[in-house]
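As structure tokens, the structure follows; a few thoughts come after it.
The values are calculated or read from the model by the stated rules, or taken from the named source; none is laboratory data. Keep in mind it's a predicted model, so treat the numbers as computed, not measured. Cβ placement follows ideal geometry from the backbone for every residue including glycine, while neighbour counts extend to all protein chains displayed.
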Amino acid sequence: MSQRAALALIRRRWIVLVIAVVFLALSGILGGSLERRLSVGGYTDPDTESARATAVLADRFDTGAPNLVLLVRADQGVDDPAVVTAGTRLTERLAAEPGVADVASYWSAGGTPAMRASDGRQAVVVSRLTGDDDQIKDTLARLRRHYHGTVDGLDVRFGGSAEVNQELSDQSQQDLARVEAITFPVTLIVLVLVFGSVVAALLPLALAVVIMLGTILTLRLMTEFTSVSVFAMQVTIGLGLGLAIDYSLLIISRYREELAGGADVPAAIVTSLRTAGRSVLFSAAVVALSLSGLLLFPFYFLRSFAYAGIPVTLLAAVGSLTVLPALLAVLGKRVEKLRVRRPRAARPMHSGFWYRLSTGVMRRPLAVMLLGVAVLAVVGSPILGLRITLPDERVMPRSAESAQVGEQLKTSFDEREFHPLTVVVEGLGADQTAAVGAYAQRLSALPGVRRIDSLAGSFVGGDLVAPPAGAAQRFAVADASYLRVIAETTDPYSADGQQLVRDIRSADAPKPVLVTGSAAELVDSRSSLVDGMPWAFGVVVVSLFVMLFLLTGSVVMPVKALILNTLSLSATFGALVWIFQDGHLRGFFGDFIVTGGIIWTVPLLLFCITFGLSMDYEVFLLSRIKEEYDHTGDNTGAVAAGLERTGRLITAAALLIAIVFLAMASSGITSVKEIGLGMALAVLVDATIIRALLVPAFMRLLGPANWWAPGPLRRFHRRFGLRESIEPAPATAGTSSDTEPASR
């Protein structure tokens, strides 16, 4: 069936290319509005306690955490009479703006001395922008026109989560343009060096353009049904670009190999699709299955990567198996035109570099295995100190205004006032001040609590320090109230901040309570993450085990692949902790802000994406090893021959896809840096230490046991398994003449 499809594709090559051009045009037209429809957020589980508390605060109290901070500076001091007048007027004007609520400042009645900087020259105005993401974006744009810069003699800068989200969106667009500007020329140079022909080198890039525009269209369609993170666009476009180059490199290399062996153009295309094409399809299934693990988490940030990444992966495979063969059928042997170096002379198999390397490894397999594992273990050891955190303004570059405002809040203000915990108490309303006071008094005595503000007043260390004022009524409605908890720690994401959340939730309460705030969101996100990880890991591991069994007919090969991939990923995670969490090599990877943690979504994304990409190269290598083993039955010879056939190809593919991901690592957004560098490191480690050293060492030590499976599974594989062995190709009569003009 695959052969008949290949022959039909050759005959209708021009139709396929016309469809591809139409697809390109539609993708460009329909995908043009994508940027406006992407979302920033999705880091919280809507079913957690903190999310429910946030919803109650918004629905019943018409309040919530401020998401816009105006940092106001006046050189004469914020207590200067003229500044007081201007600051008060600014606060009142902002409060009257549509879409703005809960406005408070140093100069307003609801303000607090904590909103004044230690140098007396800065103060803040905090507010909450209401509505959905699009409404907040529009409101923010309107406010910047009237309140940003110099306002009534005051210098005003914007910060807060609303400003961070907008800057993230803008920065991601700039980063994507830079990735494209870096990737295409560098990739073209590497492809020319790999192929030795400009025409052959241009084919993967032509396919990459199709896949990139198709990715944009796919994401645009996804936004009609679900929220899609702005980061999903950057990562999935990079993934699609990398896979398009990987898959086309595999097919073109096999096509040129067949031509060099004397096959005509149709036969070379048919054989390439029956072998390399099958590996591409299998590889795409493996990557898609790896991404499917993200669907099991309740965070739309993670799910959007799966929603976008799975179709993009399949699109890269389909494009490689349709558009690319059609281009090859049109070009024929002219794929070798515009050569920059002479074709490599045919050499005996045993004289190649990769053959010699693999046989050298297999002469001392135990020593190589122990050394390789030891290196990966040392590199991965920092993962033992992994600390995860939620994203805030510190993911932005230092030049970003939101990052600068955030830094000022940390260094010049009492930041604890800007990250309170909020405790919603159901059933204690405005007429139950005494009960609220008793509960607030108990909570104020907990370790780590600095102050409690409530309907009954403010409490410190179990004592009432400020009686209720008029503004205290905002803490209650008819049948519920909330308390504002100021912690001792200045870092809500610290271990102390998280412990305080647990202590409040476990403390005796007169009625059911809900706790929210930055620290509570981190605690709940971690809990949701931990709950979903076994299922996600199980889906990924089991599905990849089954797929590799279908490819190899062995139960040993999948176990070996899973072990080696785990080692590779551990080394990658360890390097990320050492660089980004501990702050090493900051100058080399950009002057990012060290937070002492890794954004909690990064390790999970890297696991699902790079696990699939690592299996990508496992499939490429094992396909050729299995092909040789089926022909000879010699395990050692098959390993050496398979590595000789694929070593150069896998190295080139890894280098090319690493270029894409390293370009992502140039992003100004720290979490994107972590993802880009992590994927590049994982791919390079996998293509070098794993495939070149540990795979041949392991397979030599195991010997014929590599291909073992229980009897029932062997029989199952003989009937349903996949094979790369090439049977004699049927005649291609009727097709040679169709392609002959293109191959002269």
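Quick look at the numbers
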| read-out | value |
| --- | --- |
| In segment 23-47, the residues that are of a type in the set (S, T, N, Q) and closer than 22 Å to V210 by Cβ | S27, S33 |
| Long-range neighbours under 9 Å by Cβ, at least six apart or interchain, first residue without any contact (Cβ under 8 Å) to a residue 24 or more places away in the chain within segment 78-90, second in a helix (DSSP H, G or I) and surrounded by fewer than 22 Cβ atoms within 10 Å (Cβ to Cβ) | none |
| Lone unmet requirement of (1) touching a residue at least 60 places away in the same chain (Cβ under 8 Å); (2) under 22 Å from V379 (Cβ atoms) for R586 | (1) |
| Residue, modelled with the highest pLDDT, within segment 431-486, restricted to residues that are of a type in the set (D, E) and more than 41 Å from the chain's Cα centre (by Cα) | D463 |
| Checking Q76 against (1) crowded, with 16+ Cβ neighbours inside 10 Å; (2) over 22 Å from S229 (Cα atoms), the condition it does not meet | (1) |
| R526 being surrounded by fewer than 21 Cβ atoms within 10 Å (Cβ to Cβ), at pLDDT below 90 and out of contact with any Gly (no Cβ under 7 Å at 6 or more places or on another chain) | yes |
| Which numbered condition G532 fails, given (1) closer than 26 Å to F720 by Cβ; (2) in contact (Cβ under 8 Å) with a residue 60 or more places away in the chain; (3) buried (at least 17 other Cβ atoms within 10 Å of the Cβ); (4) not hydrophobic (A, V, I, L, M, F, W, C) | (1) |
| Contacts under 7 angstrom Cβ, first residue in segment 131-147 being at pLDDT 90 or above, partner among the polar types (S, T, N, Q), 6 or more apart | L140/Q166 |
| Matching helices (runs of 4 or more DSSP H) fully within segment 1-92 where at least 2 residues are farther than 30 Å from D479 by Cβ and not hydroxyl-bearing (S, T, Y) | 2-11, 13-30, 34-37 |
| Segment 449-489, subset closer than 27 Å to Q581 by Cα and touching a helix residue (DSSP H, G or I) at 6+ places or on another chain (Cβ under 6 Å), residue surrounded by the most Cβ atoms within 10 Å (Cβ to Cβ) | A487 |
| In segment 172-211, the residues that are in contact (Cβ under 8 Å) with a residue 24 or more places away in the chain, surrounded by 21 or more Cβ atoms within 10 Å (Cβ to Cβ), closer than 18 Å to L327 by Cα and not hydroxyl-bearing (S, T, Y) | L191, F195, A200, L203, P204, L207, A208, V210, I211 |
| The lone exception for F573 - which of (1) buried (at least 21 other Cβ atoms within 10 Å of the Cβ); (2) at pLDDT 85 or above; (3) out of contact with any strand residue (DSSP E or B) (no Cβ under 9 Å at 6 or more places or on another chain); (4) part of a helix (DSSP H, G or I) it fails | (3) |
| Where E92 falls short, out of the listed (1) at pLDDT 90 or above; (2) surrounded by 15 or more Cβ atoms within 10 Å (Cβ to Cβ); (3) closer than 27 Å to D453 by Cβ | (2) |
| Residue in segment 174-181 that is basic (K, R) and within 30 Å of A653 (Cβ to Cβ) present | yes |
| Hits in segment 581-639 - residues which are closer than 30 Å to F549 by Cα and either acidic (D, E) or not assigned by TED's automatic domain parsing to the domain that holds E674 (or both) | D616, E618, E627, E628, D630, D634 |
| Sole exception among (1) under 21 Å from G41 (Cα atoms); (2) in contact (Cβ under 8 Å) with a residue 12 or more places away in the chain for S253, by number | (1) |
| Selection count where residues are over 18 Å from I579 (Cβ atoms), part of a helix (DSSP H, G or I) and not β-branched (V, I, T), scope segment 378-420 | 15 |
| Subset of segment 490-516 that is exposed (fewer than 15 other Cβ atoms within 10 Å of the Cβ) and more than 14 Å from V423 (Cα to Cα) - its residue that is farthest from the chain's Cα centre (by Cα) | T490 |
| Any hit, segment 475-483, residues being over 30 Å from R526 (Cα atoms), free of Cβ contacts under 8 Å to residues at least 12 places away in the same chain and not in a loop (DSSP other than H, G, I, E, B) | no |
| Residue match in segment 113-120 (condition: under 23 Å from Y482 (Cα atoms) and of a type in the set (A, V, I, L, M)) | yes |
| Qualifying residue in segment 580-598 (condition: crowded, with 23+ Cβ neighbours inside 10 Å, assigned to a helix (DSSP H, G or I) and touching a Leu at 6+ places or on another chain (Cβ under 7 Å)) | no |
| Qualifying residue in segment 699-709 (condition: assigned to a helix (DSSP H, G or I) and crowded, with 24+ Cβ neighbours inside 10 Å) | yes |
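To keep it simple, each residue is scored yes or no on (1) in contact with an Asp or Glu (Cβ under 8 Å, 6 or more places away or on another chain); (2) crowded, with 22+ Cβ neighbours inside 10 Å.
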position	(1), (2)
S272	yes, yes
G277	no, yes
L291	no, yes
L295	no, no
I310	no, no
A317	no, yes
S320	no, yes
